[in-house]
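The values are calculated or read from the model by the stated rules, or taken from the named source; none is laboratory data. Treat the numbers as computed from the prediction; the structure is a model and nothing was measured. Using ideal geometry, Cβ is built from the backbone for each residue, glycine included, and neighbour counts are taken over all protein chains shown. Keep in mind that these areas ignore ligands, DNA and RNA; they rest on the heavy atoms of the full protein, side chains included. Shrake-Rupley method; radii C 1.70, N 1.55, O 1.52, S 1.80 Å.
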Amino acid sequence: MIERTFFMIKPDGVRRELRDEIIKRVKVWSFNIVTSKKLTIAKPLAEKLYAMHRGKPFYDGLVRFITSGPVEVFVLEGDNIIMGLRDLMGTTDPRKAKAETIRGDLREENVLNHEGIIKNLVHGSDSIESAKYEIPIFFGKEFKV
Ligand code: UDP
Ligand code: MG
């Protein structure tokens, strides 16, 4: 089934200039970019994106991390892309991520930032419901799934 998902290169990925390497990996899987833009996320937007994590120990640090510098956000489209992209990204902790995943292959020596937040380069919606919630935070309703 052709799906759309929300994808983001986080501040650590932009800072390390890994954009082209990450997008190359996305394209190998025939995932297409519907639209994209670069921005620095404002705090209210970050709180909306990570609303499901409110109250968790890493929440405040995560909001600070994601607003700490420019990110690039995308709507991607492809067959079974939601789970396909999650597989391509690798697991949340890059130290546990498999080879040939973005988080596994491109992880930096020091995976945690100064607040103990996991720097894992990328974000991707984890379900159709998440994609429906996340895409309109950043893009107009014409891009909705
Ligand atoms: N995170 C963290 N510590 C944790 C869990 C998550 O720093 O114990 C950060 C990490 O950057 C992660 C983000 O919070 O990507 C969102 O967490 P989630 O569980 O949704 O992981 P993801 O869906 O990104 O794999
Ligand atoms: Mg998540």
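Structure notes:
- Complete set of residues in the range 127-145 that are among the small types (Gly, Ala, Ser), within 13 Å of ligand 2 (Cβ to nearest atom) and either exposed (fewer than 14 other Cβ atoms within 10 Å of the Cβ) or part of a loop (DSSP other than H, G, I, E, B) (or both): Ser127
- The range 13-36, residues that are loosely packed, with under 11 Cβ neighbours inside 10 Å and among the aliphatic types (A, V, I, L, M): Val28
- Residues in the range 82-100 that are hydrophobic (A, V, I, L, M, F, W, C) and part of a helix (DSSP H, G or I): Ile82, Met83, Leu85, Leu88, Met89.
- Qualifying position, being at pLDDT 95 or above, more than 9 Å from ligand 1 (Cβ to nearest atom), within 29 Å of Val28 (Cβ to Cβ) and of a type in the set (Phe, Trp, Tyr), among Phe143, Phe139: Phe139
- Candidate set from the range 93-126 (those that are open to solvent by less than 10 Å² (accessible area, probe 1.4 Å) and in contact (Cβ under 8 Å) with a residue 60 or more places away in the chain); member that is farthest from ligand 1 (Cβ to nearest atom): Ile102
- Subset of the range 37-88 (residues that are touching a residue at least 60 places away in the same chain (Cβ under 8 Å), open to solvent by 70 Å² or more (accessible area, probe 1.4 Å) and under 16 Å from Phe138 (Cβ atoms)): Lys37, Lys48
- On the stretch given as the range 101-126, residues that are assigned to a loop (DSSP other than H, G, I, E, B) and within 13 Å of the chain's Cα centre (by Cα) total 5.
- Among all residues of the range 22-38, there is none that is part of a loop (DSSP other than H, G, I, E, B) and modelled with pLDDT of 95 or more.
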